[in-house]
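Single-structure report; data block below.
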Amino acid sequence: METTTQAPVSMPRIGDKAPAFKAKTTQGDMDFPKQYEGQWVILFSHPADFTPVCTSEFLTFAVLEQQFAEANCKLVGLSIDGLYSHIAWLRTIQEKISYKGHKNVEVKFPLIDDISMNVAKLYGMIHPGEAATQAVRAVFFIDPKGIIRAIIYYPQSLGRNFDELYRALIAMQTADEFGIATPADWRPGDDVIVSPAASCSSAKNRMDGKEDMVCQDWFFCQRKLDKEKVLKAVLKK
Ligand code: BEZ
């Protein structure tokens, strides 16, 4: 973050505007979230370069970068390390590390230099009970309007589940596109949740099958949503 003053510690929440910052990254200067307007972005932190769990995560994110891009989502990494460390680490990953059958993987998405800890503080990525000078594994999902839509934190010892990150992204995009919610463990093709009925009569209509939904009670209505429709809608952009 290009400031001389220290950023105050803040804890952005779901529904907040993503805090703005300017930073240097492995892919050049960044103006966040402005330069991602119109796209989803996953801003994620890791504790440190040259650490094993983080290495497995970066390699996995790099392998999946294209899949996220096809869902209109860019990736941005961050740790409390400088640019030269980032560059050396990413080069080492590409030259020497293989994980789950993937090797010679180039990390093409930006990794923020946050040696000042300013961005980590701005995004509440430092949890002192876990570590005072390293970020936890935070994941911020930011929508095309720059609004924080989901936040997930993992401790240092726990590598993220990338199926879940992708599932969450697609589920939120589906909710936006179709005005529905997604139930536990939802995946494209599964039934979706229709908001609780605004009134008993509309619930009755629904239960009578006048709309394309099935209600087990007034508060639990579901409808079908074809996998093809979902994928067409969310992968179109
Ligand atoms: C790791 O990425 O392996 C790691 C980083 C910080 C603390 C513990 C593990």
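The values are calculated or read from the model by the stated rules, or taken from the named source; none is laboratory data. Treat the numbers as computed from the prediction; the structure is a model and nothing was measured. All Cβ positions, glycine included, derive from the backbone under ideal geometry; neighbour counts span all protein chains shown. Calculation scope for accessible area: heavy atoms of the full protein, side chains included, ligands and nucleic acids excluded. Shrake-Rupley method; radii C 1.70, N 1.55, O 1.52, S 1.80 Å.
The set of residues in the stretch 81-125 that are β-branched (V, I, T), within 16 Å of the ligand (Cβ to nearest atom) and open to solvent by less than 20 Å² (accessible area, probe 1.4 Å) comprises I93, V107. Cβ separations smaller than 8 Å between residues 6+ apart or across chains give the following pairs from the stretch 145-162 residues that are without any contact (Cβ under 8 Å) to a residue 24 or more places away in the chain to residues that are within 15 Å of the ligand (Cβ to nearest atom) and in a loop (DSSP other than H, G, I, E, B): I152/R160; Y154/V136; Y154/R160. The set of residues in the stretch 55-71 that are within 16 Å of the ligand (Cβ to nearest atom) and over 11 Å from K108 (Cα atoms) comprises T55, S56, E57, T60. From the list P144, P128, P183, the lone residue that is within 25 Å of R223 (Cβ to Cβ) and open to solvent by 20 Å² or more (accessible area, probe 1.4 Å) is P183. Scanning the stretch 44-54 for residues that are within 7 Å of the ligand (Cβ to nearest atom) and open to solvent by 20 Å² or more (accessible area, probe 1.4 Å) gives T51, P52, V53.
Close contacts from the stretch 52-72, counting a first residue that is at positive phi and a second that is open to solvent by less than 40 Å² (accessible area, probe 1.4 Å) and within 16 Å of the ligand (Cβ to nearest atom), with Cβ to Cβ under 7 Å and a gap of 6+ residues or different chains, come to none at all.
The numbered conditions (1) small (G, A, S); (2) open to solvent by 40 Å² or more (accessible area, probe 1.4 Å); (3) assigned to a helix (DSSP H, G or I) are all true for S157 except (3).
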